[in-house]
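The values are calculated or read from the model by the stated rules, or taken from the named source; none is laboratory data. Only a predicted model underlies this, so the values are computations on that prediction, with no experimental measurement involved. Cβ: placed from backbone, ideal geometry, glycine included. Neighbour counts: every protein chain shown. Heavy atoms of the whole protein, side chains included, go into the accessibility calculation; ligands, DNA and RNA do not. Shrake-Rupley method; radii C 1.70, N 1.55, O 1.52, S 1.80 Å.
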Amino acid sequence: MTTSMKAAVLEAVNAPLIIKDVEKPSVGVGEVLVQVKSAALNHRDVWIQKGQYAGLKFPAILGSDGAGIVAEVGSGVDVGLVGNEVIINPGLNWGDNPNAHSKEFKILGLPDDGTFAEFVKIPAEYVHQKPQHLTFHEAAAVPLGGLTGYRALFTRAQAKKGEKVLVTGVGGGVALCVLQFAVALGAEVWVTSGSDEKIAKAKALGARGGVNYKAEDWEKTLQAEAGLFDVVIDSAAGDGFKKLIELSVVGGRIAFFGGTRGAITNIIPGRVFWKQLSILGTTMGNPSEFAAMLKFIEDHNLTPIVDSVLPFTDAEQAMRRMDNAEQFGKLVLHVS
Ligand SMILES: NC(=O)c1ccc[n+]([C@@H]2O[C@H](COP(=O)([O-])OP(=O)(O)OC[C@H]3O[C@@H](n4cnc5c(N)ncnc54)[C@H](OP(=O)(O)O)[C@@H]3O)[C@@H](O)[C@H]2O)c1
């Protein structure tokens, strides 16, 4: 049996990912070894490469998203799992409280070695049957973004059929999942993007309309076209967040899971409390939400949007493409 495998390794801050031979992980008690067929990128991988993430360690094998085949099981795990086609939940050690994660919570792909490798080991409870209607490439596009988007939209913002939902920066991996979920729910969905082309693609996926956030007074244009929103799902934050408050109905809910545009320094308190707004931080999701998200995808026969599938050897090129926000949908690596 071979004891080495190929992995895309990050050796230092700002270093390119290098494909090299590393030791193949060996499964421990309660774990499974998954042969990764496909992996997908998240912005998290780019933040880590740039050194803008807590708990850095090198060398590191990044990658939170993956789908593949169970190759081996450790003791205590049903051997019947071997050969199963699976998708991995990357949110580890959530803990007992469904409302918030525990101190031990961690995301696959730092500190633990992730999916940018031919094999990844993971406790058995984090592998789920791959939805049958999805290919490995499509399945790999689901986990982190789908989980984050599901919790943001359903658990935190409590979006309902018929409500008006704004998804900002729709070109983002999570944002696109939110768009698909909200359309499937039967909400009236509007989007923003820095690219008119991405807005047109979002409309083709069921968005009612959208505006380019690079245009001056975009929020006024949006309000004139769409009115105010019951729910806003954002990951940009920054001083532009103020506009989302203005765009919300009285009693509206804004859920956000990222801070791509940095700190919010300009919120006028009265605009939030007088409008009875709920501003909801959210991160990833708990194991029940992961299972519910997969069921939602299966029930609605949803296929995640894949921007492109690159050979594993182009992992670094995929990272640059994400860094430049060129993609519409997930960047997937064909690993093995
Ligand atoms: N807390 C969590 O659990 C969690 C989970 C996943 C991601 N995140 C964070 O959420 C953010 C997005 O992650 P991702 O993986 O979806 O990244 P991504 O695929 O790289 O998407 C980032 C998107 O941000 C949008 N954007 C940039 N400037 C914007 C602005 N001023 N207003 C609105 N949108 C803007 C862009 O949308 P357009 O291309 O349409 O312009 C871009 O595509 C990152 O900061 C990430 O670290 C957090």
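Laid out as a table, the results:
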quantity: Some residue of the range 240-256 being within 10 Å of the ligand (Cβ to nearest atom) and open to solvent by less than 10 Å² (accessible area, probe 1.4 Å); calculated: yes
quantity: Residue in the range 267-279 that is touching a helix residue (DSSP H, G or I) at 6+ places or on another chain (Cβ under 8 Å), within 19 Å of THR148 (Cβ to Cβ) and more than 16 Å from the ligand (Cβ to nearest atom) present; calculated: no
quantity: Per-region count, the range 228-239, residues within 9 Å of the ligand (Cβ to nearest atom) and either of a type in the set (Phe, Trp, Tyr) or not assigned by TED's automatic domain parsing to the domain that holds ALA159 (or both); calculated: 0
quantity: So GLY55, is it closer than 14 Å to LEU108 by Cβ and at pLDDT below 95; calculated: yes
quantity: From the options SER75, SER38, residue that is touching a Ser or Thr at 6+ places or on another chain (Cβ under 9 Å) and either of a type outside the set (Phe, Trp, Tyr) or in a loop (DSSP other than H, G, I, E, B) (or both); calculated: SER38
quantity: Those residues of the range 38-58 which are surrounded by fewer than 22 Cβ atoms within 10 Å (Cβ to Cβ) and away from the ligand (no atom under 16 Å from the Cβ), in sequence order; calculated: LYS57, PHE58
quantity: Residue match in the range 100-118 (condition: among the hydrophobic types (A, V, I, L, M, F, W, C), at pLDDT 95 or above, more than 10 Å from the ligand (Cβ to nearest atom) and under 12 Å from the mean Cα position of the chain (by Cα)); calculated: no
quantity: Residue among GLY186, GLY169, GLY145, GLY162 that alone is open to solvent by 20 Å² or more (accessible area, probe 1.4 Å) and within 23 Å of MET319 (Cβ to Cβ); calculated: GLY169
quantity: Residue satisfying condition, being assigned by TED's automatic domain parsing to the domain that holds LEU62, assigned to a helix (DSSP H, G or I) and charged (D, E, K, R), within set GLU138, GLU225; calculated: GLU138
quantity: The range 133-142 - residue that is open to solvent by 10 Å² or more (accessible area, probe 1.4 Å) and not polar (S, T, N, Q) and, of those, nearest to the chain's Cα centre (by Cα); calculated: GLU138
quantity: Residue tally, condition under 15 Å from LEU280 (Cβ atoms) and in a loop (DSSP other than H, G, I, E, B), over the range 252-268; calculated: 5
quantity: Residue that is under 17 Å from GLU289 (Cα atoms) and in a loop (DSSP other than H, G, I, E, B), where the choices are ALA182, ALA159, ALA207; calculated: ALA159
quantity: Search result, residues across the range 177-195 that are over 12 Å from PHE296 (Cα atoms), within 9 Å of the ligand (Cβ to nearest atom) and under 15 Å from the mean Cα position of the chain (by Cα); calculated: none
quantity: Residue satisfying condition, being in contact (Cβ under 8 Å) with a residue 12 or more places away in the chain, among the polar types (S, T, N, Q) and in a loop (DSSP other than H, G, I, E, B), within set THR148, THR115; calculated: THR115
quantity: Number of the condition not met by HIS300 [criteria: (1) surrounded by 16 or more Cβ atoms within 10 Å (Cβ to Cβ); (2) away from the ligand (no atom under 16 Å from the Cβ)]; calculated: (1)
quantity: The range 308-331: number of residues that are hydrophobic (A, V, I, L, M, F, W, C), part of a strand (DSSP E or B) and near the ligand (Cβ under 9 Å from one of its atoms); calculated: 1
